[in-house]
Amino acid sequence: MMIRKCIAGFLLIVFGSGLLMNNSLGATVNTADTVNTADTVNTADTVNTADTADTAEGSKEDVTVKSTQKLAEQGDAKAQSLLGYMYANGHGVPQDDSQAVKWFRKAAEQGLAKAQYNLGVAYSRGQGVPKNKVVAYALFNLAAAKGVNLATTTQSELVKELSSQEISEGKTLSSQLFDSGSLVPIEVYLHQK
């Protein structure tokens with residue numbers, strides 16, 4: 001329960017202020033579109049941040065990072081995605097694209113659509129992974145099919161930058177991702193390139 005309260009407090013601090021970020025194509029989006037706090041914590045556990053006072057272990061943020069890290073290491077897909085977001089944006093941890101990709105990939109492999117979207121953003125920007133817009137297209141397609149509206153918008157913008165051959169490859173890769181239920185087809189595709 002305390003872990004959820006710490007995470008909830010952190011999310012209220014970080015995301016409650018309506019921070020904005022730029023997606024891979026320059027469109028400004030609300031971070032709530034990328035990390036939905038309702039998907040991360042049980043809203044019944046949300047508390048006033050004053051209830052999560054600094055402890056001997058460190059600040060509220062330190063406790064939240066440690067709690068999120070622990071849950072992520074235990075295989076919790078939502079915590080993995082949140083940890084990826086924290087690394088991608090330097091929230092509570094040093095900004096580290098490689099670590100962000102590592103955690104987004106773990107959550108995406110478990111089928112978490114928002115992590116699939118965020119992994120697609122990493123591929124579209126070349127942050128933490130080699131830039132590959134075909135892989136980004138496929139991941140956006142996967143996330144869009146699972147209801148991530150921002151993935152549809154981002155994919156529509158990305159299509160303007162792709163050749164018909166790249167779109168065809170992206171569609172084929174998308175089908176392979178759907179059929180396999182894993183990210184292995186991405187590794188196979190990248191290995192062939």
Review point. Would you list D179, D62 from the most to the least accessible area, probe 1.4 Å?
Key: D179, D62
Practice item. Would you tell me the accessible area of V129, worked out with a 1.4 angstrom probe on the heavy atoms of the protein chains, in Å² to the nearest 10? Key: 20
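Take I186, I167 and sort them by solvent-accessible surface of the protein heavy atoms, 1.4 Å probe, largest at the top. Don't skip to the answer; put the middle values down first.
Numbers: I186 5, I167 35 Å².
Putting I186, I167 in descending order of accessible area: I167, I186.
Using Cα pairs under 8 angstrom and six or more residues apart, how large is the relative contact order of the stretch 71-193, in percent? Could you put the intermediate results ahead of the total?
Details: 179 pairs, mean separation 21.4, N = 123.
In percent, rounded to a whole number, it is 17.
With every protein chain left in place, what is the accessible area per residue of the stretch 111-193 in square angstrom, probe 1.4 Å?
For the stretch 111-193, the solvent-accessible area averages 46 Å² per residue.
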Review point. Which sequence of T153, T68 reflects their accessible areas, 1.4 Å probe, from the largest down?
Key: T153, T68
Check your understanding: Once you sort the root eigenvalues of the Cα gyration tensor of the stretch 89-193 as a ≥ b ≥ c, which label holds: rounded (a/c under 1.5), prolate (a/b larger than b/c) or oblate (the other case)?
Key -> rounded
**Study point:** Computed accessible area, S164, all protein chains, 1.4 angstrom probe, square angstrom
**Key:** 100
Check your understanding: Working out 0.36 nm times the residue gap between V184 and S163, then minus their Cα-Cα distance, what length gain in nm do you get to one decimal?
Key -> 5.2 nm
Practice item. Could you tell me the accessible area of R125 in Å² (1.4 Å probe, neighbours in place), rounded to the nearest ten? Key: 80
Revision key, fill the gap. Summing +1 per Lys or Arg and -1 per Asp or Glu among the other residues with Cβ less than 12 Å from G170's Cβ gives -1
Point to revise | Set of lysines with alpha-carbon distance to K133 below 23 Å, sequence-local pairs under 8 removed | key: K102, K106, K114, K146, K160, K171, K193
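The values are calculated or read from the model by the stated rules, or taken from the named source; none is laboratory data. Given the structure is predicted, the values throughout are model-derived calculations rather than measurements. Note that each Cβ is placed from the backbone with ideal geometry, even for glycine, and that neighbours are counted across all protein chains shown. The protein model used for the area step is the full one, side chains on, heavy atoms only, and it has no ligands, DNA or RNA in it. Shrake-Rupley method; radii C 1.70, N 1.55, O 1.52, S 1.80 Å.
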